[in-house]
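Novice: The following block contains the structure, expressed as structure tokens.
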Amino acid sequence: MDGSRGVRRVRVGMQLRRVRVDRPGGETVALCYPGMLLTCYEDARKVCERWVPLGAEPTEEDDERLIDALHAAMVWRNRLDEDRP
């Protein structure tokens, strides 16, 4: 190995998750829930993905969960730069 390191990127986007739930009596209900999708790439290869739900009326806990996820993604992204000479 020549010691070179890959390029890391984090993509942030909104995504709707769709879920089908079977109710008693055979009825199926479709639910949609918005969230933020954080996708981490190294050398254009997807290495991880995290979906953070975002409600229409986010709570403080929702905000903290999102801040934690964004922070972790940015630390992961920048850690590679710190290791470079």
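Novice: Just one of (i) 63, 30, 16; (ii) 66, 21, 13; (iii) 49, 20, 16 is Cα extents along the principal axes in Å as worked out from the coordinates here. Which one is it?
Specialist: Correct label, based on the coordinates given: (i).
Novice: Additional query: With all protein chains present, calculate the accessible area of Met14 using a 1.4 Å probe and round the result to the nearest 10 Å².
Specialist: The value for Met14 is about 130 Å².
Novice: Counting each DSSP H run of 4 or more residues in the chain as -39500 (n - 2.57), what helix-only mean residue ellipticity at 222 nm follows after dividing by all residues, to the nearest 500 deg cm²/dmol?
Specialist: -10000 deg cm²/dmol
Novice: Using only the alpha-carbon atoms, how far is helix 60-83 inclined from the longest principal axis of the chain? Give it as 0 to 90 degrees, nearest 10.
Specialist: 20 degrees
Novice: Give the shape of the range 34-80 as rounded, prolate or oblate, defined through the alpha-carbon gyration tensor: a ≥ b ≥ c are the square roots of its eigenvalues, a/c under 1.5 means rounded, and otherwise the shape is prolate if a/b is larger than b/c and oblate if not.
Specialist: oblate
Novice: Go through Thr28, Leu16, Val75 and say which Cα lies farthest out towards the positive end of the charge dipole of the range 12-85; charges sit on Cβ, +1 for Lys and Arg, -1 for Asp and Glu.
Specialist: Towards the positive end, the residue furthest out is Thr28.
Novice: Grab the other residues whose beta carbon is less than 14 angstrom from that of Val52, score K and R as +1, D and E as -1, and report the net.
Specialist: Net of charged neighbours comes to -2.
Novice: Something else about it: Under a Cβ-only charge scheme (Lys and Arg +1, Asp and Glu -1), can you give me the dipole magnitude of the chain about the Cα centre, in debye to the nearest 20?
Specialist: 500 debye
Novice: With every protein chain present, what accessible area does Cys32 have (1.4 Å probe, heavy atoms only), rounded to the nearest 10 Å²?
Specialist: Rounded to the nearest 10, that gives 80 Å².
The values are calculated or read from the model by the stated rules, or taken from the named source; none is laboratory data. Being a predicted model, the structure only gives us computed values, none of them experimental. Ideal geometry is used to build each Cβ from the backbone, glycine not excepted, and the neighbour counts take in all protein chains shown. Ligands, DNA and RNA are stripped out before the accessible areas are found, and what is left, the full protein with its side chains, is counted by its heavy atoms. Shrake-Rupley method; radii C 1.70, N 1.55, O 1.52, S 1.80 Å.
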